[in-house]
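Presented below is the structure to which this report refers.
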Amino acid sequence: MSSTTIDPPETAPGEQTREHRLRWLVLAVIGLAQLMVVLDATIVNIALPAAQKSLEFSDADRQWVVTAYALAFGSLLLLGGRLSDLFGRRNTFVIGLVGFAAMSAVGGAAVNFPMLVAARAGQGVFGALLAPAALSLLSVTFTKPDERAKAFGIFGAVAGAGGAVGLLLGGVLTEWASWRWSLYVNLVFAAVALVGAVLMMAPHKAEHRPRLDIPGTVSVSAGLFSIVYGFSHAESHGWSNGATIAWLLVGAVLLAIFVVIETRVAHPLLPLRVVLDRTRGGAYLAMFIAGTGMFAVFLFLTYYMQTVLQYSPVITGVAYLPMVAGMVISATTSTSVLLPRFGPRPLMTTGLALVAAGMVLLAQLTVTSTYAPHILPGLVLLGVGMGMVFAPGMQGAVTGVRPEDAGVASATVNTMQQVGGSIGTALLSTIAATAATSYLSDAVPTPQSQALAAVHGYTTTFWWSAAIFAAGAVISAFLLPGGKLPAAADAPEGQLVMAH
């Protein structure tokens, strides 16, 4: 068997049809890999209580199963993106897939707590290779405007809805099989994606192989690690804790040093031209804001449905499906119909405003609220709004970027979403706990008052989230440029293969 790179301008009509089919199969492979990475941030959350009982670790240790993944993933994304530029997107994609699957197998087979945490950190490392490679492959595979719009719509829907899918899948696997299958299921995803990658993606090597920016890599990885760890530490130890303050200060200083380094080195890890473009910069900021609020929605609304409404994990996951449907429809429509006509600014501004409105609706929840009249309308608004943010945001984040910067531009948007999620979860968890404690300070502790306090904590975070998204809508309206996105440059290398 040999493989030949497809050259679109010279293909015969029959081969063009096959090329078209192959492109969408490549999208399916890329989307499956992205889904695996995104849902892993939530699928394990549902399985945590069962894993804790099985491996007998404490409540204090439990957060490390989540934090280990977030730390490795968030701090290494920029390095992973640059490695895909240097050593080939398909190679990096395949290594990420295989490594992620291997670490998932280790986690599923964990016999003690340290083994589980080490596997989760390993998933984060290989996820940091996989996620930026997936988005950069997408950006160079789809260069025709109409196809590119549809592809980014589907990819954005997967990226946005993956967290909710993880909740549903985690609930099903934990309830009907074992918590271990919340990790083993990645072997199925990875196997299918790996076969598709090997058969349908041509090897790519960069024409220019600049040296890796070691000082920039060390400073930004350590800086992002410190920021994510600092916010995770704040969640469990409070904002006034000395270690929390120290980690956040060190992270801020290291990121400032990183910016200075990038202006002076010959081959920067993250060329500032990538983020200083208004379209890309606005898209990165919107994804950061979306990540900040979105992870918190999954967390606190899940708590509300399971502890107040007494939903099972499976029913909780099913309850999110209308949001997923709204996100898929909105994302695909936004990029294929609206984005080419109006550009990203009105779409992303409107999307963030719709999400803020959905949060305001959820902030009205009480202990006697029910699903259809009180939760469903807010979820639908969240889905429609997020679809208008994620899909155009991901397309805007890699628009007009040089081919040699595609990987690191893709990594930056993933970094913004991941770090935003870590910050949002820690910040809003603290706000929820403080609001609940304040509510109970003047009340007699009874089961009823404790339920009221918990709901007060959840709704307080929804009000804060509404304010965050509303501020994001205002910022996007002023920061993003008007007009349409520039046409994508044709990719210099083919990403599809035809087997003979």
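For the range 140-185, what is the convex hull (Cα atoms) projected area averaged across all directions, in square nanometres?
Across all orientations, the range 140-185 yields a mean hull projection of 4.1 nm².
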Study note, to complete from the structure: When every protein chain stays in place and a 1.4 Å probe is rolled, 61, 442, 40 sorted by accessible area with the largest first are 442, 61, 40
Practice item. Let me have the relative contact order for the chain, percent, based on Cα pairs under 8 Å that are six or more residues apart. Key: 25 percent
Review point. Between residue 111 and residue 309, what length in nm is gained on full extension when 0.36 nm per residue of separation is reduced by their alpha carbon distance?
Key: 67.9 nm
**Study point:** Residues whose placed amide H lies under 5 Å from that of residue 88, excluding near-sequence neighbours
**Key:** 206
Review point. What accessible surface, in Å², does a 1.4 Å probe find on residue 146, ignoring ligands, DNA and RNA and rounding to the nearest 10?
Key: 100 Å²
Practice item. Take the alpha carbon atoms of the range 229-283, find their center, do the same for the range 117-174, and report the distance between the two centers in whole angstrom. Key: 23 Å
Check your understanding: Which of the listed residues, 246, 289, 314, is farthest toward the dipole's positive end in the range 233-361, when Lys, Arg count +1 and Asp, Glu count -1 at the beta-carbon?
Key -> 289
Check your understanding: Pairing the Cα long axis of helix 59-87 with the longest principal axis of the chain, what angle in degrees results, from 0 to 90 and rounded to the nearest 10?
Key -> 20 degrees
Exercise for review: Could you size up the charge dipole of the chain around its Cα centre, putting +1 on the beta carbon of Lys and Arg and -1 on that of Asp and Glu, and report it in debye to the nearest 20?
Suggested key: 500 debye
**Study point:** the chain: angle of helix 242-262 to the longest principal axis, Cα-based, in degrees nearest 10
**Key:** 20 degrees
**Study point:** Rounded accessible area of residue 262 (nearest 10 Å², 1.4 Å probe)
**Key:** 10 Å²
Review point. For the range 211-218, what does the Karplus curve 6.51 cos²θ - 1.76 cosθ + 1.60, with θ = phi - 60°, yield as ³J(HN,Hα) per residue in whole Hz, taken in order and with x for Gly and Pro?
Key: 5, 6, 7, 5, x, x, 4, 5
Study note, to complete from the structure: Each label sits 7 Å from Cα toward the beta-carbon; between residue 451 and residue 337 the label points are separated, in nm, by 4.3 nm
Study note, to complete from the structure: Once 150, 53 are ranked on solvent-accessible area with the largest value leading and a 1.4 Å probe, the list reads 53, 150
Study note, to complete from the structure: Per-residue accessible area, 1.4 Å probe, largest first, puts 263, 425 in the order 263, 425
Study note, to complete from the structure: Sequence order, the range 26-41: Karplus ³J(HN,Hα) from phi using 6.51 cos²θ - 1.76 cosθ + 1.60, θ = phi - 60°, Hz rounded, Gly and Pro as x, gives 4, 4, 4, 5, 5, x, 5, 5, 5, 4, 4, 5, 6, 5, 5, 6
Check your understanding: What is the packing order of peptides 44-50, 418-424, 382-388, 180-186, taking the mean over residues of other C-beta atoms within 10 Å and listing the highest first?
Key -> 382-388, 418-424, 180-186, 44-50
Check your understanding: In nm, what is the difference between 0.36 nm times the number of residues separating residue 444 and residue 321 and their Cα-Cα distance?
Key -> 40.5 nm
**Study point:** Cα-centre dipole for the range 31-184 with unit charges at Cβ (Lys and Arg positive, Asp and Glu negative), debye to 20
**Key:** 360 debye
**Study point:** Gain upon complete extension [residue 147, residue 364; 0.36 nm per residue less C-alpha separation]
**Key:** 74.0 nm
Practice item. Taking 7 Å along the Cα-to-C-beta vector as the label spot, tell me the residue 176-residue 278 distance in nanometres, rounded to one decimal. Key: 5.1 nm
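Nearest 0.05, what FRET efficiency do residue 433 and residue 478 give at R0 = 22 Å with Cβ-Cβ as r?
Computed FRET efficiency for residue 433 and residue 478: 0.05.
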Check your understanding: Using the alpha-carbon atoms, what tilt in degrees (0 to 90, nearest 10) does helix 406-441 show relative to the longest principal axis of the chain?
Key -> 0 degrees
**Study point:** With DNA, RNA and ligands ignored, accessible area of residue 330 (1.4 Å probe; Å², nearest 10)
**Key:** 10 Å²
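The values are calculated or read from the model by the stated rules, or taken from the named source; none is laboratory data. Remember, predicted model here, so these are calculated numbers, not experimental data. Heads up, the Cβs are rebuilt from the backbone with ideal geometry, glycines too, and the neighbour counts pull from every protein chain shown. Surface areas here come from the heavy atoms of the whole protein model, side chains and all, with no ligands, DNA or RNA. Shrake-Rupley method; radii C 1.70, N 1.55, O 1.52, S 1.80 Å.
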